[in-house]
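What follows is calculated from the coordinates using simple rules that are stated; it is not laboratory data. What you see is a predicted model; the values in this text were computed from it and never measured. When we count neighbours, we look across all protein chains shown, and the Cβ atoms used for this are built from the backbone with ideal geometry, even at glycine.
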Amino acid sequence: MSKKYLYFHDVFADGEEHLHGIESILAEAKTPYQFMQIVESTFFGKMLIIDGDVQSSVKDEYIYHEALVHPAMLLHPNPKNVFIFGGGEGATLREVLKHGSVEKAIMIDIDEKEIELNKKFLSEWHKGAFENPKVTLLNTDARKFMEKGVSSSSCDVIISDLTEPFEAGPSYKLFTKEFFELLYDRLRDDGIFVLQASMLRNVTYRMHRAIRNTLSRVFPVVRSYYAYVPSFDTTWSFVISSKQFDPKSLSVEHVNELIKNRINGELKFYDGESHQRMFSLPKDIRRILNENTEEIIEDNHPLVLKRKENV
C-alpha cells in the first residue's frame, strides 16, 4: 500500500499548482507579519513556507542564495559594509560572510518571531551565521532604519531578500522609487544594490518588470538575471543595480578568478559559466521587459496585484 501524505498546494495561478507531499510539520506560527511553516517534504526535505509560498528547501536553497549574493558581492571591488534586508533563514547572511573583505554585515528583518524559529529549525541554512561577530541583527523596519540610522555614502553592498511587494503587504514600501532613491544616496559611488524580483517567465513577468522599471528611474546600470530553482518549480529572478559597474562585463575567467581570490568556502552553483548564463536572457523575455516601461512602483502608486496574479 502506498504511503499517504498531507499535500501542500503551491498555487501559481488559477488552474496552476505544484503539489508537495508533506511528511510532517516541524513548526508553524502566525507572527505579526506573516504565517510561516517549517515542514518535512518527501522530495525536497525540510522546507520553509511563508503565507502559502515555498521560500526555500534544504536540497536546493544554495541555488537561490548564491545567485542572489555573489554576483553583487564580486561586482564590487572591495565590499566591507554590507546591509541585508530580510533573509530570515540566515542563508543570505551565510553567503555574504564567505567574502573575506566583509568587516560588518547588518541584517535587518522586522519579524523577530520568524528569526527565532529559523535559528532553531534551519541550522542547515544559517550554519551559525547569526553568531558571527561581524553580524548585527536588527528586528526593525528597514526603511525607517535606512532613513535615520545610516548616513549617506556609507554602504558598499545592499542585498534585499524580502517577500514580494504586494499592496498592503509587509514589504511593499521597500520596493518603491522613493525607497530606491534613499538606497542610492546611502550607497558609495562604487556601491551595488541587488534584490530578489519574483518569477520571470514569458507568462509571469509583470512584477519583475515593474521592479526593474522602477530601479531604472534611479540607477544608471540595471540588469535582470534569473536561475531555475527546482523547489519553486520556476525560474526566479533578481535585479542588480549599480552606479557604475555592469555585471554583464564580467567574463567567465574573471568571475572564476574573483571567486578563487575572494571567497572562503564552497560554492555549489555559482561560477563564471553560471554568471554568464544567468545574465543571458532569451529573446522573448528581453522583448517583454522592453514593453510597458512606464509601469513603476511608488509610495502613492503601488503595483496592484493580488497574490497568485503576478502576470
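Observations on the model:
- The convex hull defined by the C-alpha atoms of region 20-61 has an orientation-averaged projected area of 2.7 nm².
- Region 256-308 versus region 63-134: alpha-carbon centroid distance in Å: 19
- Rg and Dmax of region 11-124, based on Cα coordinates, read 15.6, 48 Å.
- Helical mean residue ellipticity (222 nm; -39500 (n - 2.57) per DSSP H run of 4+; nearest 500) of the chain: -8000 deg cm²/dmol
- Largest-first principal axis extents of the Cα set of region 176-241 (Å): 37, 19, 16
- Only the Cβ atoms of Lys and Arg (+1) and of Asp and Glu (-1) were treated as charged; on that basis the dipole of the chain about its Cα centre amounts to roughly 420 debye.
- Principal axis extents of the C-alpha atoms in region 231-311 (largest first, rounded to whole Å): 44, 34, 29.
- Inverse mean reciprocal Cα-Cα distance (Kirkwood Rh) of region 61-289, Å: 17.6
- Over all distinct Cα-Cα pairs of region 106-151, the Kirkwood formula returns a hydrodynamic radius of 11.6 Å.
- Positive-end extreme of charge dipole, region 1-154 - chosen from Thr31, Val82, Gln55 (charges on Cβ): Val82
- Estimated FRET transfer efficiency (Glu147, Thr235; beta-carbon r; R0 30 Å; 0.05): 0.35
- Look at the dipole of region 61-289 built from charges on Cβ: of Thr163, Phe180, Leu195, the Cα furthest out on the positive end belongs to Phe180.
- Region 119-172: GluC sites (Glu not before Pro) in DSSP coil with no more than 13 other Cβ atoms inside 10 Å: Glu167
- Put in order of Cβ neighbour count within 10 Å, fewest first, the listed residues Lys98, Lys248, Lys30 become Lys30, Lys248, Lys98.
- Region 6-55 - charge dipole about Cα centre, Lys and Arg +1 at Cβ, Asp and Glu -1, debye rounded to 20: 260
- Each of Phe121, Pro282, Trp236 was placed along the dipole of region 61-289 (beta-carbon charges, centred on the mean Cα), and the one lying farthest toward the positive end is Pro282.
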